[in-house]
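Student: After the structure tokens below, expect a handful of questions from me.
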Amino acid sequence: MEESTSKEKVLKKIRDALIEKTEPPYPIIDMEAPLYVPMTESLDVTFATELVKVSGKFGYYESEDEFLTFLQTYILEQDWPVIYCYDYQLQNLLRQGGIPFESDPEKLTDMKLGITRCEYLVARLGTVMVSSRVSPGRKMSVFPETHLVVAYTSQLVPDLKDAFRNLRKKYEDDFPSVITLVTGPSRTADIEKTLVLGAHGPKELYVFLIEDRVQEHE
């Protein structure tokens, strides 16, 4: 039968191919080799560079006092509205600088400007890692048009794997239920391939990095 003959021809080609050894057409990949090239700059410089590439904004401060002085002035220059802050630790910091804030949960969805802490800053990606364990979770990276992140140099890590490793060590058996990676302002190009910022979250992302001289993530 014609069908049987065609089938036999195919099977014969397969048998012949298995008998004849040929060199692989592509180079053998070393699966143990590092995926990324080593970073040549310090973690803070690398993070700032990558953050700016994705339209984020970066500021570095040698102390909390220096940061608060900057923030007071910048709020006036930008004519920013009242900052929404639901994080008790940051509320104390803002009070220290005499910076007014709103913390009513009912007003969160109407706020234009929100400030949070984070878990880690991933230097190689310019990414901010937040979790449900850092108040108010991921809400602040969704509702306000402008998201301000306050972080410390001890929270800088080289790669994503380092951030997850530190999270496991930090929370052990009480791991956060939600982990969010924020890389620059929210963006989409779904409509006619035109890039639009703020489509699914904040239009602006600011990361304020404060020197705390703790080298626990080296």
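The values are calculated or read from the model by the stated rules, or taken from the named source; none is laboratory data. Fair warning: this is a prediction, and the values are worked out from it, not measured in the lab. Positions of Cβ are backbone-derived with ideal geometry, glycine not excepted, and every protein chain shown enters the neighbour counts.
Student: Consider the stretch 28-82. How many of its residues are polar (S, T, N, Q) and either without any contact (Cβ under 8 Å) to a residue 40 or more places away in the chain or in contact with a helix residue (DSSP H, G or I) (Cβ under 7 Å, 6 or more places away or on another chain) (or both)?
Tutor: From the stretch 28-82, those polar (S, T, N, Q) are 40, 42, 46, 49, 55, 63, 69, 72-73, 78; that's our starting set.
So of that shortlist, the ones also either without any contact (Cβ under 8 Å) to a residue 40 or more places away in the chain or in contact with a helix residue (DSSP H, G or I) (Cβ under 7 Å, 6 or more places away or on another chain) (or both) come out as 40, 42, 69, 72-73, 78.
Total meeting the criteria: 6.
Student: I'm trying to understand the selection: among the residues of the stretch 108-125, which are over 22 Å from residue 71 (Cα atoms) and either of a type in the set (D, E, K, R) or at pLDDT 85 or above (or both)?
Tutor: 122, 123, 124, 125
Student: Residues that are closer than 17 Å to residue 144 by Cα, at pLDDT 95 or above and touching a His at 6+ places or on another chain (Cβ under 9 Å), at least 2 per element: which helices (runs of 4 or more DSSP H) completely within the stretch 22-107 meet that?
Tutor: Ranges flagged: none.
Student: On the given criteria, is residue 137 more than 16 Å from residue 207 (Cα to Cα), modelled with pLDDT under 90 and assigned to a loop (DSSP other than H, G, I, E, B)? Even if it seems obvious, please write down each step before you answer.
Tutor: Numbers: more than 16 Å from residue 207 (Cα to Cα): yes; modelled with pLDDT under 90: yes; assigned to a loop (DSSP other than H, G, I, E, B): yes.
Yes: the conditions hold for residue 137.
Student: Among (1) loosely packed, with under 13 Cβ neighbours inside 10 Å; (2) more than 24 Å from the chain's Cα centre (by Cα), where does residue 69 come up short?
Tutor: Going through (1) loosely packed, with under 13 Cβ neighbours inside 10 Å; (2) more than 24 Å from the chain's Cα centre (by Cα) one by one, residue 69 breaks only (1).
Student: Kindly indicate whether any position in the stretch 190-212 is aliphatic (A, V, I, L, M), modelled with pLDDT under 65 and part of a strand (DSSP E or B). Write out each step before concluding.
Tutor: The initial filter retains those residues of the stretch 190-212 that are aliphatic (A, V, I, L, M), namely 191, 195-197, 199, 205, 207, 209-210.
Checking the rest, the ones that are also modelled with pLDDT under 65 come to 191, 195-197, 199.
From the residues that got through so far, the ones that are part of a strand (DSSP E or B) too are 196-197.
Within the stretch 190-212 (the criterion being aliphatic (A, V, I, L, M), modelled with pLDDT under 65 and part of a strand (DSSP E or B)), the answer is yes, since at least one residue qualifies.
Student: Shifting gears a bit: Would you be able to tell me the number of residues in the stretch 156-187 that are over 11 Å from the mean Cα position of the chain (by Cα) and assigned to a helix (DSSP H, G or I)?
Tutor: 10
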